[in-house]
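Working notes, structure below.
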Amino acid sequence: QREAAEFLSNLSGCIADICANRDPEMAIRYSKKALELKGDNLTAADIATVTILGISLRKQGRWREAIAEYLRVLAVLPGNAILFYNMAMAYSEGGEANKALNAVQKALKFDPELPASGKNVAFNIGTIFQKAGQNGTQYLKKAYEQDPNDKVLWATFKRSQALHESNPSDAARPA
């Protein structure tokens, strides 16, 4: 029975992945089903399903539900940087800048190399710091370094750099 549940969970997760960009509601249903079938037997391999679920919820403006799902899985798989990063994104989308900052700082604590995983990740981390009134320049720089041809990243990085150079007390503030 456990083997059958594992198979169905994997199948539901694959369907959710396929649906993620086309039909967020269907992705939500299949992601929830996949996680439900796993129960408390979640592993790191299930992080992708939780990520699909959270992003699909966030696409529909249901960021609070996404956070609840991230927290539920963090109770079983504590210390997962990806979950904390996605939770930070959900808080940020909900206008909860300080909660977003707290979550992204936890993500960075568990994986200091997270900004190197992609320019969008580094950019989002920098933006979360900025929205919370902190200096996110180092993360915006990391985003730009990953794609030096991206003019938007360059402009955002330079704007942040100028802002924090003109306000040295801000740069000294702990993140």
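A few remarks follow.
- Any chance Ile125 is closer than 26 Å to Gln161 by Cβ, β-branched (Val, Ile, Thr), open to solvent by less than 20 Å² (accessible area, probe 1.4 Å) and in a helix (DSSP H, G or I): yes
- Residue within the stretch 137-145 that is open to solvent by less than 40 Å² (accessible area, probe 1.4 Å), within 17 Å of Gly54 (Cβ to Cβ) and of a type in the set (S, T, N, Q) present: no
- Among the residues listed as Gly79, Gly39, Gly54, the single one being open to solvent by less than 60 Å² (accessible area, probe 1.4 Å), on the phi > 0 side of the Ramachandran plot and modelled with pLDDT under 90: Gly39
- Residue pairs whose Cβ atoms lie under 6 Å apart, sitting 6 or more positions apart in sequence or on different chains, and linking a residue in the stretch 35-50 that is in contact (Cβ under 8 Å) with a residue 60 or more places away in the chain to a partner that is part of a helix (DSSP H, G or I) and among the basic types (Lys, Arg), do not occur here.
- Residue that is nearest to the chain's Cα centre (by Cα) [pool: residues in the stretch 58-112 that are within 13 Å of Ile125 (Cα to Cα) and not in a helix (DSSP H, G or I)]: Asp111
- Number of residues in the stretch 146-168 that are more than 15 Å from Gly133 (Cα to Cα), among the aliphatic types (A, V, I, L, M) and open to solvent by less than 90 Å² (accessible area, probe 1.4 Å) equals 2.
- Selection over the stretch 57-73 of residues that are within 16 Å of Ala100 (Cα to Cα) and either acidic (Asp, Glu) or open to solvent by less than 30 Å² (accessible area, probe 1.4 Å) (or both) gives a count of 5.
The values are calculated or read from the model by the stated rules, or taken from the named source; none is laboratory data. As the structure is a computational prediction, the values presented were derived from the model and not from experiment. Heads up, the Cβs are rebuilt from the backbone with ideal geometry, glycines too, and the neighbour counts pull from every protein chain shown. Calculation scope for accessible area: heavy atoms of the full protein, side chains included, ligands and nucleic acids excluded. Shrake-Rupley method; radii C 1.70, N 1.55, O 1.52, S 1.80 Å.
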